[in-house]
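Take a look at the structure below.
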Number of protein chains: 4
Amino acid sequence: MAVTPQAVSSEAWSRRRVEELAERCRRWGQWGADDQLGALNFIDPAAVARAAALVQDGRVISCALPLDGNGPQNGSYGRTNPIHHMVQDGGDILFGAQDHLPGLRYTDDTIAMPLQCATHWDAFSHIFYDGHMYNGYGLHEVSSSGARRCGVEQTSASLTGRGVLLDIARHRGVDSLAPGEAIDGAELADCAQRQGVAVGRGDILLVRTGFLGASRARGWGDYAGGDAPGLSLDSAEFVFEREVAAVATDTWGVEVRPNQTAELFQPLHLVLLVNAGVMLGEMFDLDRLADDCAQDGRYEFLLAAAPLPFTGAVGAPMNPIAVK
Amino acid sequence: MAVTPQAVSSEAWSRRRVEELAERCRRWGQWGADDQLGALNFIDPAAVARAAALVQDGRVISCALPLDGNGPQNGSYGRTNPIHHMVQDGGDILFGAQDHLPGLRYTDDTIAMPLQCATHWDAFSHIFYDGHMYNGYGLHEVSSSGARRCGVEQTSASLTGRGVLLDIARHRGVDSLAPGEAIDGAELADCAQRQGVAVGRGDILLVRTGFLGASRARGWGDYAGGDAPGLSLDSAEFVFEREVAAVATDTWGVEVRPNQTAELFQPLHLVLLVNAGVMLGEMFDLDRLADDCAQDGRYEFLLAAAPLPFTGAVGAPMNPIAVK
Amino acid sequence: MAVTPQAVSSEAWSRRRVEELAERCRRWGQWGADDQLGALNFIDPAAVARAAALVQDGRVISCALPLDGNGPQNGSYGRTNPIHHMVQDGGDILFGAQDHLPGLRYTDDTIAMPLQCATHWDAFSHIFYDGHMYNGYGLHEVSSSGARRCGVEQTSASLTGRGVLLDIARHRGVDSLAPGEAIDGAELADCAQRQGVAVGRGDILLVRTGFLGASRARGWGDYAGGDAPGLSLDSAEFVFEREVAAVATDTWGVEVRPNQTAELFQPLHLVLLVNAGVMLGEMFDLDRLADDCAQDGRYEFLLAAAPLPFTGAVGAPMNPIAVK
Amino acid sequence: MAVTPQAVSSEAWSRRRVEELAERCRRWGQWGADDQLGALNFIDPAAVARAAALVQDGRVISCALPLDGNGPQNGSYGRTNPIHHMVQDGGDILFGAQDHLPGLRYTDDTIAMPLQCATHWDAFSHIFYDGHMYNGYGLHEVSSSGARRCGVEQTSASLTGRGVLLDIARHRGVDSLAPGEAIDGAELADCAQRQGVAVGRGDILLVRTGFLGASRARGWGDYAGGDAPGLSLDSAEFVFEREVAAVATDTWGVEVRPNQTAELFQPLHLVLLVNAGVMLGEMFDLDRLADDCAQDGRYEFLLAAAPLPFTGAVGAPMNPIAVK
């Protein structure tokens, strides 16, 4: 059954309407003035235990992009792909650099990278509006020394729980949504129903547009930083009302681009990340997972996606592991 | 009940004896000439499913060190702690650096770090003996462009399975083993029995010496690269015979230091990593996990410890998550 | 008077002919088996003193490209533009990060860059042919720890002497030579004669094609790593016979590209750098200097162009200062 | 003739007295509200021409520390020594990494370093007092994107002129002054007179304490960031009245440490760099130059010390070349 594709987003959102939406979804103070976890508070041990109980066959699927020089970055926003250097390698061993060591020989290496250059979580300290991040913390909390509030390390023992994949590309019967195509809450609900899965409290919601795979096949182009399909502002209440813990997509910025209003840059970040305290995951490679879900018809799984605990970082890479 | 501490390792191991041990534990070719996973092959889906079934309460415990400038590195082997730089921060926002963007403001950051500077897995490509790494691959496989064989990215959908903690420090009734104190297979077996847990095929074995916590409390000193407690060569057959998939400790190099023989640098790496194909995890922070296990008496759990998939890297950081 | 432009290089150079040329220009052993300076030995104190005596008016002209993110690099050969990070900045001061210090406040910063990403010298250790660099040193001299022979630090008190500019673009009456246009020894001699300047022993020869300025105006494109105008193999004997100490151009690779023969990559590097021991300077910004020389008719000057002494580096940036 | 060493600095300087001194030496606006060169304006072409005329024998002496892992940095103020990585090396060539290229083989490398980790100039944007740097520019001029005012690139065609060495260690008859020993204006004048050299308008003044060489011989210790001999506040008027263009020493911070008053961190930076517009050079290796000057009795020379033009950097390395 074919699904009518959404029109390219055209609805008029004013700054004022976005601010009203953000206000409705605001959770500042809900877990105290010192809270740094936001909707991750919804992932309680019981939710984790239920997520683990979803595991049936024991298949392990990684949703991480490889971290190397062939990644999607193109210099947009100053971001490069990871730069990997060897400190000791096979040639050094051959040339005798370690001949002072008896017997064993080793190699060693280093990495330099923007923390958000590949599959990653945005920390709450990544986005500000009117001088405030999630829970009202101010600009002075993020200096050259990093974030003193809502650094990504705060979430290092979280982001593990029930994952739900909504495969919008399959739902629409396309390989990939096109840049500018928006996904609203009604479509998320339709897709979930059709897939036979419910989205609820504490879930980590993965939304697949197909755009990562399609862009990779084309050589990335402006995948990172350019126009993209994605969630529309009309999806915010779906996420908010269901008390979803975190949302991730296979695009660079979760939300549809161009932005739905010229009056606000990345308005959905304002609603979800800054106000609702919902962490956003970007550049998740969902293709293998989607194939697996299509095959067994099960779109829920245990997801282990805790970030690397870089102290004071405003985002961090991880290797999101789905276990089915 | 007090347990007699092991004497500081003093037994004479010759290079020849170590080589014989390595030969007995050699698995080259066991999974084909092209294998890059070694003992990780023991973690099959059934094993993962059994591991997930261990989850009862849903508690999530991270075994990762924070990644920041206060880490254990001191320049030994050229390794530094992670260097974190902000690309955009609160001051930039205040000074108007993003005033060309409507409404939203962002922060951004980068990292530079040795891949093995904190909690990490050694990939098989990290260690060579007589010109060969695991499965016989040669020196030419690791060049300035990284490892073409056994790069850590090969394991990106593995290292998730049943974790077993053997808390040797508690077993001995000490806060921390001292540098030079060795743990042999008999002690691992005793500890497992006393803890009421079995170690078997496909397990990821975590061995706690207490040395990480004790060193951190003292300001690290030469924790990274210096003398340390750890597994002795006499533990190798315990690991090999039980078909353990991977072994990690709370020390910088898994094995006891000083080395048990002056004729070989890091001889246990030679036996386990190079020959038996057993990946080694280092600088796991096991204190919280150990406290939890002591409290509920359960030393087995689901462990999600897949590394970040740096292509061609000879080691990689991750955030090992235990779920109980 | 118009000068007939050179045709795009088309003459057939075989590998064998290039090797014969290289052999004729070989200076290995001329200054001993341990020499690491090559033709820089021609710059003796008397030559430096004569160079200083050229200074008349005291004008100081820098030939360095700015080192920043707007530089010519595009990822070719893995080279990026410099990446500059602030460690402390004005925002940190404002937010009180240094309030533990009485009174004074500071800023601080770091750089990460390929050593040859902008105006730089190639060290002799940068190029090998048949397993040897200048003076016959072997591959094992350059490992992950850098160059043990002919590292750029060997030249840290050299590369200061008489500079001579040959402005080929002005000589041809064009803004810029085009990619593929070659400059041979006869043209260098003609240009020198017309400019009224002699090229001789110990000189640092600067050759201007205009291509840097033209490329910058166009947004760089493939300036770094692409086709370019430059010196032809037919210029090698001009340089060799006159005992020139070093040669620099305003292109990324000194020599004309595409290479004059498909049988050898960068054949002039083989002749001059590897065999004749002539250091090559690349991406010198010669436009200001050329304007000044055209104005006063004096194409000789004191040039202070010692590289930053990065130990074991195979190239290094510097700020070449011409004093007239 | 022995010279009585200065006592360790003990005179009482209050914050107020330092501010009064700074006020007397303030040059803000002297070269216009847009000036970014300060006392470098004193180095006019005539001064450069006179400096070049000092060259007699043509000896070239570098005053730069080698840039490598054996440098003086110890982590103080977050500064490390340079980190050098090879991108291509001899082993790669041997292993065939470049076999797609006909004939020639290359090596390549990168560097990561704090810009002030070795021999360098402080730019005016490096130091603020009461929210202002030299010429009154505000905090907002230095953001994560670097300095928009008084970045070191502004001085890329300057800092070349007459250098004068005052060898205080030889003047006192010691190998090295000790930490805390201060050098005042009277001693600078005495030393100059005894050396037979005058210090005047536009000079770049180099002051040698011997502390760099002595510290290097001891393994550096806290040379970078610790107590040190150096210029006292009582030297400021010597520098100011003679219209010296820039001052450099062989210590990490030019001025004597501990600071002469507990009420101000680095008070001489406040007077000279912020108010008088005198750039400060640090960690100059003056030992070879001093030996040469002692031998020929000539303490003046041409000095070419233009910094690498890192755009927006608050300091930069260079290779200061003295030509005698």
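The values are calculated or read from the model by the stated rules, or taken from the named source; none is laboratory data. Since we're looking at a predicted model, the values are computed, not measured. Every residue, glycine as well, gets a Cβ built from its backbone with ideal geometry; the counts of neighbours run over all protein chains shown. All accessible areas refer to the heavy atoms of the entire protein, side chains included, with ligands and DNA or RNA removed. Shrake-Rupley method; radii C 1.70, N 1.55, O 1.52, S 1.80 Å.
Considering only region B:205-227, state which residues are of a type outside the set (S, T, Y), in a loop (DSSP other than H, G, I, E, B) and buried (at least 20 other Cβ atoms within 10 Å of the Cβ).
Of all residues in region B:205-227, those of a type outside the set (S, T, Y) come to B:205-208, B:210-214, B:216-222, B:224-227.
Filter again for in a loop (DSSP other than H, G, I, E, B), leaving B:210, B:218-222, B:224-227.
Answer for region B:205-227, where residues must be of a type outside the set (S, T, Y), in a loop (DSSP other than H, G, I, E, B) and buried (at least 20 other Cβ atoms within 10 Å of the Cβ): B:G210, B:A224.
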(request) Among the residues of region A:85-104, write down those that are open to solvent by less than 10 Å² (accessible area, probe 1.4 Å), in a loop (DSSP other than H, G, I, E, B) and more than 23 Å from B:A262 (Cβ to Cβ). (result) A:D89
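Look at region D:265-283 and say how many of its residues are within 21 Å of D:G210 (Cβ to Cβ) and surrounded by fewer than 24 Cβ atoms within 10 Å (Cβ to Cβ). First the steps, then the outcome.
So the first thing to find is which residues in region D:265-283 are within 21 Å of D:G210 (Cβ to Cβ), and the list is D:268, D:280-283.
Keeping just the survivors that are surrounded by fewer than 24 Cβ atoms within 10 Å (Cβ to Cβ) gives D:282.
Total satisfying the criteria: 1.
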(request) Only residues that are in contact with a Gly (Cβ under 6 Å, 6 or more places away or on another chain), open to solvent by 10 Å² or more (accessible area, probe 1.4 Å) and part of a loop (DSSP other than H, G, I, E, B): list them for region D:228-259, please. (result) D:R242
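Taking only region D:148-164 into account, find how many residues are open to solvent by less than 10 Å² (accessible area, probe 1.4 Å) and more than 7 Å from chain C (Cβ to nearest Cβ). Quick ask: steps written out before the conclusion?
Narrowing region D:148-164 to residues open to solvent by less than 10 Å² (accessible area, probe 1.4 Å): D:150-152, D:155, D:159-161, D:163-164.
Checking which are more than 7 Å from chain C (Cβ to nearest Cβ) leaves us with D:150-152, D:155, D:159, D:161, D:163-164.
Qualifying residue count, region D:148-164: 8.
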(request) Quick one: C:Q154 ticks every box in (1) in the same structural domain as C:V274 (by TED's automatic domain parsing); (2) assigned to a loop (DSSP other than H, G, I, E, B) except a single one, so which number is it? (result) (2)
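Has region D:92-110 got at least one residue that is more than 30 Å from A:D89 (Cβ to Cβ), without any contact (Cβ under 8 Å) to a residue 40 or more places away in the chain and within 7 Å of another protein chain (Cβ to nearest Cβ)?
no
Considering D:I43, D:I93, D:I61, which residue is more than 22 Å from the chain's Cα centre (by Cα), β-branched (V, I, T) and modelled with pLDDT of 95 or more?
Working: D:I43 fails: more than 22 Å from the chain's Cα centre (by Cα); D:I61 fails: more than 22 Å from the chain's Cα centre (by Cα).
Among D:I43, D:I93, D:I61, only D:I93 is more than 22 Å from the chain's Cα centre (by Cα), β-branched (V, I, T) and modelled with pLDDT of 95 or more.
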(message) I'm trying to understand the selection: among the residues of region C:105-123, which are in a strand (DSSP E or B) and over 10 Å from the mean Cα position of the chain (by Cα)?
(response) C:R105, C:Y106, C:D108, C:D109, C:T110, C:I111, C:A112, C:M113, C:P114
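Please pick out the residue among C:F265, C:F284, C:F240 that is without any contact (Cβ under 8 Å) to a residue 12 or more places away in the chain and either in contact with a Cys (Cβ under 6 Å, 6 or more places away or on another chain) or over 15 Å from C:V164 (Cα atoms) (or both).
Details: C:F284 fails: without any contact (Cβ under 8 Å) to a residue 12 or more places away in the chain; C:F240 fails: without any contact (Cβ under 8 Å) to a residue 12 or more places away in the chain.
Residue meeting the stated conditions: C:F265.
Identify the residue in region A:44-56 that is open to solvent by 60 Å² or more (accessible area, probe 1.4 Å) and in a loop (DSSP other than H, G, I, E, B) and, among all such residues, is farthest from B:M86 (Cα to Cα). Write out each step before concluding.
Start the filter on region A:44-56 by keeping residues that are open to solvent by 60 Å² or more (accessible area, probe 1.4 Å), which leaves A:44-45, A:50, A:53, A:56.
From the residues that got through so far, the ones that are in a loop (DSSP other than H, G, I, E, B) too are A:44, A:53, A:56.
On the way: A:D44: 32, A:A53: 40, A:Q56: 43 Å.
Going through the qualifying residues, I end up with A:Q56.
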(request) Taking the options B:A290, B:A262, B:A316, name whichever one is open to solvent by less than 10 Å² (accessible area, probe 1.4 Å) and outside any helix (DSSP H, G or I). (result) B:A316
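Every residue in region C:165-175 that is open to solvent by less than 30 Å² (accessible area, probe 1.4 Å) and not small (G, A, S), please. Give the derivation first.
First, the residues of region C:165-175 that are open to solvent by less than 30 Å² (accessible area, probe 1.4 Å): C:165-169, C:171-172.
Result: C:L165, C:L166, C:D167, C:I168, C:H171, C:R172.
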(request) Collect the residues in region B:302-313 that are more than 19 Å from A:L308 (Cβ to Cβ) and surrounded by fewer than 24 Cβ atoms within 10 Å (Cβ to Cβ), keeping them in residue-number order. (result) none
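Please tell me if B:T160 is among the β-branched types (V, I, T) and within 30 Å of A:Q266 (Cα to Cα).
Numbers: among the β-branched types (V, I, T): yes; within 30 Å of A:Q266 (Cα to Cα): no.
So B:T160 does not fit the description; no.
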(message) Criterion first (within 21 Å of A:G225 (Cβ to Cβ) and of a type in the set (D, E, K, R)) does A:E300 satisfy it?
(response) no
(request) Take region C:124-133 and flag every residue that is in contact with a Leu (Cβ under 9 Å, 6 or more places away or on another chain), open to solvent by 10 Å² or more (accessible area, probe 1.4 Å) and part of a loop (DSSP other than H, G, I, E, B). (result) C:G131
(message) Yes or no: region C:57-64 includes at least one residue that is within 13 Å of chain B (Cβ to nearest Cβ) and surrounded by fewer than 22 Cβ atoms within 10 Å (Cβ to Cβ).
(response) no
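Kindly indicate which of D:P307, D:P267 is out of contact with any Pro (no Cβ under 8 Å at 6 or more places or on another chain) and not hydroxyl-bearing (S, T, Y).
On the way: D:P307 fails: out of contact with any Pro (no Cβ under 8 Å at 6 or more places or on another chain).
The unique qualifying residue is D:P267.
Could you look through region A:134-147, keep only residues that are crowded, with 21+ Cβ neighbours inside 10 Å and not in a strand (DSSP E or B), and pick out the one that is farthest from the other protein chains (Cβ to nearest Cβ)?
Quick first cut of region A:134-147, residues crowded, with 21+ Cβ neighbours inside 10 Å only: A:134-135, A:137, A:139, A:141-144, A:146-147.
Within this subset, residues satisfying the condition of being not in a strand (DSSP E or B) are A:134-135, A:137, A:139, A:141, A:144.
Working: A:Y134: 13, A:N135: 15, A:Y137: 10, A:L139: 3, A:E141: 7, A:S144: 5 Å.
My answer is A:N135.
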(message) Among the numbered criteria (1) under 30 Å from C:P309 (Cβ atoms); (2) polar (S, T, N, Q); (3) in contact with a helix residue (DSSP H, G or I) (Cβ under 7 Å, 6 or more places away or on another chain), which one does C:S156 miss?
(response) (3)
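Select from region D:273-301 the residues that are polar (S, T, N, Q) and out of contact with any helix residue (DSSP H, G or I) (no Cβ under 8 Å at 6 or more places or on another chain) and list them in ascending order.
Residues of region D:273-301 that are polar (S, T, N, Q), as a first pass: D:275, D:295.
Scanning region D:273-301 gives a single hit, D:Q295.
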(request) Scan (1) in a strand (DSSP E or B); (2) over 24 Å from B:G71 (Cα atoms); (3) open to solvent by less than 10 Å² (accessible area, probe 1.4 Å) for the single condition B:G202 breaks and write down its number. (result) (1)
(request) Within region A:24-40, work out how many residues are open to solvent by less than 50 Å² (accessible area, probe 1.4 Å) and more than 20 Å from A:E141 (Cα to Cα). (result) 3
(request) Determine if region D:123-133 includes at least one residue that is modelled with pLDDT of 95 or more, under 30 Å from D:D291 (Cα atoms) and within 14 Å of another protein chain (Cβ to nearest Cβ). (result) yes
(request) Would you mind stating whether C:L40 is in a loop (DSSP other than H, G, I, E, B) and among the hydrophobic types (A, V, I, L, M, F, W, C)? (result) no
